[in-house]
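Have a look at the structure below before the remarks.
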Amino acid sequence: MAAGGLGSCCWSTLSYTSNFRIRTSSLVVKAPQGRLVTGKPFRRSFVIKAEVKYVNGEEAKQLVTVEGYSVVDVRDTSQFERAHIKSCYHVPLFIENKDNDIGTIIKRTLHNNFSGLFYGLPFTKPNPEFVQTVKSQLPPNSKVLIVCQEGLRSAAAADKLDEAGFENIACITSGLQSVKPGTFESVGSTELQDAGKAGLVTVQGDISRVLGAILVCAFLFITFFPDLAEKIIGLIPV
């Protein structure tokens with residue numbers, strides 16, 4: 001009689017190979033041991049395994065220049081236009097949501113008044129053609145380096161491409177914001193690490209720098225010309 005009970009499973013999450021870190025997601029499911037009517041024991045195992053290389057900027061540059069990895073940029077169009085790696089493929093993981101149903105209009109309005117205003121982020125939705133578009137430009141046996149600004153979208157894109165049969169995938173840990181200037185030849189109006197900065201956040205940064213400069217100048221003036229500074233302060237009406 002067969003033994004009852006649930007099977008067992010386990011995950012192996014991190015290993016190392018060559019000079020690169022590899023995240024290994026390995027699911028092993030084992031059926032409980034038991035005996036058939038013939039008296040012979042049985043065990044069934046199913047293994048699902050996926051590997052993605054997570055590298056820093058310098059290692060990513062080596063993958064492209066030495067190992068022939070193709071770069072797929074999955075950021076939105078606004079960040080891509082500010083700065084991107086030269087000769088890369090641009091396939092956004094999310095696209096601008098221009099739907100006009102009442103629910104989307106409300107969400108888009110809220111977004112534009114907060115995240116859109118402060119960070120310059122468009123209101124987006126998942127790109128339903130993402131995998132198919134990548135496949136139309138690169139075969140599944142290609143070596144692919146996926147990049148985004150912070151590292152989250154590239155990780156999600158890597159999972160989708162892995163499920164679609166791509167076998168050689170790499171991502172930059174923490175995204176392009178962590179890449180040092182000059183690491184890659186880039187195109188755009190700013191550096192790769194600054195492509196995610198937009199909206200009032202950048203204006204606030206400029207205001208802070210100006211105020212900081214004014215305060216430093218005032219401090220130096222008071223330090224080196226205390227008598228004159230005292231006279232000027234005395235002229236200010238209270």
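The values are calculated or read from the model by the stated rules, or taken from the named source; none is laboratory data. None of these values were measured; they are calculated from a predicted model. Glycine gets a Cβ as well: all are built from the backbone with ideal geometry, and neighbour counts include every protein chain shown. The protein model used for the area step is the full one, side chains on, heavy atoms only, and it has no ligands, DNA or RNA in it. Shrake-Rupley method; radii C 1.70, N 1.55, O 1.52, S 1.80 Å.
Net charge near Gln79: determine it from the other residues with C-beta under 15 Å of the C-beta of Gln79, scoring Lys and Arg +1 and Asp and Glu -1. Counting the neighbours of Gln79, the net charge comes to -3.
Rolled with a 1.4 Å probe across the full set of protein chains, the surface gives Asp194 an accessible area near 50 Å². Remark: the stretch 53-198 carries 51 Å² of accessible area per residue (probe radius 1.4 Å; ligands, DNA and RNA excluded).
When the surface is traced with a 1.4 Å probe over the full set of protein chains, Glu191 keeps roughly 80 Å² accessible.
Summarising the amide proton neighbourhood of Thr124: residues at separation of 5 or more, or on other chains, whose placed amide H is nearer than 5 Å comprise Asn97.
What is the extension gain from Asn141 to Asp101, computed as 0.36 nm multiplied by their sequence separation minus the C-alpha to C-alpha distance, in nm to one decimal?
Difference between extended and current length: 10.4 nm.
Each residue of the stretch 53-58 was assigned a 3J(HN,Hα) from its phi angle through the Karplus curve 6.51 cos²θ - 1.76 cosθ + 1.60 (θ = phi - 60°); the sequence is 7, 10, 10, 8, x, 5 Hz, with glycine and proline shown as x. Amide hydrogen proximity for Val71: with H placed 1.01 Å from N in the peptide plane, the residues at 5 or more positions away or on another chain lying under 5 Å are Tyr89, Leu145. Projected over all directions and averaged, the alpha-carbon convex hull of the stretch 53-198 occupies 8.6 nm².
The accessible area of Lys180, taken with all protein chains in place and a 1.4 Å probe, comes to roughly 140 Å².
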